[in-house]
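No lab work stands behind these numbers, since they all come straight from the coordinates. Note that the coordinates shown come from a computational prediction; the quantities given were computed from them, not determined experimentally. Please note: Cβ atoms are built from the backbone with ideal geometry, for glycine as well, and neighbour counts cover all protein chains shown.
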Amino acid sequence: MNDVLVRLGKIGIVPVIALDDAKDALPLGKALLAGGIACAEVTFRTAAAEEVIRTLTRELPEMLTGAGTVLTTEQVDRAVAAGAKFIVSPGLNPKVVEYCVNKGIPVTPGCSTPSDVEIALEYGLEVVKFFPAEASGGIAMIKAMSAPYGGVKFMPTGGINAGNINNYLSFNKVLACGGSWMVDKKLIAAGNFDEITRLSREAVETILGFEVAHVGVNLDSESDAANTADCFAKLFGFARKDGNSSIFAGSGVELMKSKYLGTMGHIAIRTNSVERAMYHLEQRGAKFNADSAKKDEKGNIKAIYLEGEFGGFAVHVVQK
């Protein structure tokens, strides 16, 4: 898959913005970045689109900026000349798709039927837009339509919001979701970029879904772990569950049979997507212990430790 699309998948949310005035581009871009969203799809629905793309790519090179609602090859040229790194269209126009493919420009055309998907496959595309998502049947339609197309990923847009985005992202064939609730035109018109940052940060935390899974305590021996687990069982009724390297007391306390990572032990944080969490945590300054990664049969990381300790505890993120 193209590197640009891989990065969009790690971010998880693609804000769809339509600005009437290019002067709002820079403060809006900064607000999105401050909220943890380092990408944007600038739609060609306004006359300011080109200048917005040009401003974002020039002033905020760390932001992955693309062009949306691209309907013609002429708009493709204008968008790319302004700095757009990817092209999105509401439907599948073979002329536009072929033009982008021949020029090596990442393109995700709108597809809402199996026939659309098969045309996209003819052009070698691995990712398509599903639009309008909610009006076209939502995640149920994506699941039904995607079944015959194992290698295709979808980027649903249209009706996506904070309340339903995880319904889409929980399906492994959804790469990312496009949405505009965090960049509402009323907020932009009012210059309320702090609220845009808050909504962006809230959206990121929503898709990551961090929560404490359990606390692991380093003990010196299997007998120490067993005795401690039995104490939890006796006092709190936490069921004991023996494993190879540890004994659980209930689901929230793990007693290690020997010392492992962390001076005191470890804390496990569950997340909706380990690989997406890794991307966002790295943007926040975290580093990971690559040797600690555990993968599933498909090669996806299902657990990995961060480098360093938190109050004497190592921390790892684990797949829900």
*Centroid-to-centroid separation of the range 108-187 and the range 22-60 [C-alpha atoms, Å]*: 23 Å
*the chain: angle of helix 193-208 to the longest principal axis, Cα-based, in degrees nearest 10*: 50 degrees
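In whole percent, what relative contact order does the range 3-208 give with Cα contacts below 8 Å and a gap of six or more residues? Intermediate values should be presented prior to the final figure.
Working: 389 pairs, mean separation 45.9, N = 206.
Relative contact order here is 22 percent.
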*Once the Cβ-Cβ distance between E309 and D20 is put in as r, and R0 is 41 Å, what FRET efficiency do you end up with, to the nearest 0.05?*
0.25
_Taking the beta-carbon count within 10 Å as an exposure proxy, list T108, T113 from fewest neighbours to most._
T113, T108
*Can you give the helix-only mean residue ellipticity at 222 nm for the chain, where every DSSP H stretch with n ≥ 4 adds -39500 (n - 2.57) and the sum goes over all residues, rounded to the nearest 500 deg cm²/dmol?*
-11000 deg cm²/dmol
_Going by average Cβ density within 10 Å per residue, which order do the peptides 23-31, 251-259 take, highest to lowest?_
23-31, 251-259
*Any idea how far apart A135 and L121 come out in nm if each label point goes 7 Å out from Cα toward Cβ?*
2.7 nm
*Can you tell me the alpha carbon radius of gyration of the range 166-222 divided by the globular rule-of-thumb value 2.2 N^0.38 Å?*
1.80
*Which entries of K10/K295; K185/K302; K103/K298; K257/K287; K186/K302 show an alpha-carbon separation above 29 angstrom in the structure shown?*
K185/K302; K103/K298; K186/K302
*On a 0 to 90° scale, report how tilted helix 222-236 is relative to the longest principal axis of the chain, with both axes built from alpha carbons and the result rounded to the nearest 10.*
80 degrees
*Computed FRET value (nearest 0.05) for K302 with D184, which takes r as the C-beta separation and R₀ as 35 Å*: 0.45
*For the Cα atoms of the chain, what angle does the longest principal axis make with the long axis of helix 94-103, in degrees from 0 to 90, nearest 10?*
70 degrees
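Calculate the FRET efficiency for T72 and K295 from the Cβ-Cβ distance with a Förster distance of 35 Å, rounded to the nearest 0.05. Write down the numbers at each step before the final one.
Values: r = 44 Å, r/R0 = 1.25.
Efficiency, from the Cβ-Cβ distance: 0.20.
Return the ratio Rg/(2.2 N^0.38 Å) for the range 22-71, where Rg is computed over Cα atoms only. Please report the intermediate quantities before stating the final value.
On the way: Rg = 10.0 Å, N = 50, 2.2 N^0.38 = 9.7 Å.
Cα Rg divided by the expected 2.2 N^0.38 Å: 1.03.
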*Residue-span extension gain [S251 to K143] - 0.36 nm each, minus C-alpha spacing*: 35.7 nm
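Could you give the length gained on full extension between A239 and S258, defined as 0.36 nm per residue of separation minus the Cα-Cα distance, in nm? Provide the component values of the computation, followed by the final result.
Numbers: separation 19, 0.36 × 19 = 6.84 nm, distance 2.06 nm.
Computed gain between A239 and S258 is 4.8 nm.
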